[in-house]
1. Give the residue that is nearest to Gly81 (Cα to Cα), with candidates limited to residues of the range 94-108 that are surrounded by fewer than 17 Cβ atoms within 10 Å (Cβ to Cβ) and not basic (Lys, Arg).
2. Do we have Gly26 as at pLDDT below 95 and open to solvent by less than 90 Å² (accessible area, probe 1.4 Å) here?
3. Quickly run through the range 1-17 and pick out the residues that are at pLDDT below 75 and surrounded by 10 or more Cβ atoms within 10 Å (Cβ to Cβ).
4. Applying the selection to the range 29-84, what residues are assigned to a helix (DSSP H, G or I), of a type in the set (D, E, K, R) and open to solvent by 60 Å² or more (accessible area, probe 1.4 Å)?
5. Can you pull out the residues in the range 49-82 that are basic (Lys, Arg) and under 16 Å from Arg102 (Cα atoms)?
Amino acid sequence: MVMQPTGSRWFATMLVGATLTVLGCGSRGVKEYSVPVTELGGLERAKQLLAAYARGEPVGSEVVGFDQIAEDAKRQDPRRGEIVERGLREIGGLMSRPGAIRDKAREILASLD
């Protein structure tokens, strides 16, 4: 037997539905924050990569962006940008020798200071 809603049940159901619709999912109390993001310059990006390699981290897919990092570094500081460009090119040629990459990264970092 199917129960037919009575007038008071129907009204109560509609009242609860309307209340939930108006109140929503309780988003009150949620605060939005803005976090400023500063983009790193070419030299800073290069130094971060080189520091990671100097710690022994492997070279990953970022290798495809070496040219852009070097160009950005040269725009920022032509002399040090040339060092970055030459160093990243050498690191690209050492992909099968992780120990050599670590040593080369340390050498490049020392020459950038």
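The values are calculated or read from the model by the stated rules, or taken from the named source; none is laboratory data. Given the structure is predicted, the values throughout are model-derived calculations rather than measurements. Ideal geometry is used to build each Cβ from the backbone, glycine not excepted, and the neighbour counts take in all protein chains shown. Areas reflect the complete protein model, heavy atoms only, side chains present, ligands, DNA and RNA absent. Shrake-Rupley method; radii C 1.70, N 1.55, O 1.52, S 1.80 Å.
1. Glu107
2. Values: at pLDDT below 95: yes; open to solvent by less than 90 Å² (accessible area, probe 1.4 Å): yes.
It is true that Gly26 is at pLDDT below 95 and open to solvent by less than 90 Å² (accessible area, probe 1.4 Å).
3. Looking only at the range 1-17, we keep the residues that are at pLDDT below 75, and these are 1-8, 10.
Correct list: Pro5, Trp10.
4. Of the range 29-84, the ones assigned to a helix (DSSP H, G or I) are 42-54, 61-76, 78-84.
Still in the running and of a type in the set (D, E, K, R): 44-45, 47, 62, 67, 71-72, 74-75, 79-80, 82.
Glu44, Arg45, Lys47, Asp67, Glu71, Arg75, Arg79, Glu82 - these are the residues of the range 29-84 that are assigned to a helix (DSSP H, G or I), of a type in the set (D, E, K, R) and open to solvent by 60 Å² or more (accessible area, probe 1.4 Å).
5. Residue satisfying the conditions is Arg55 alone.
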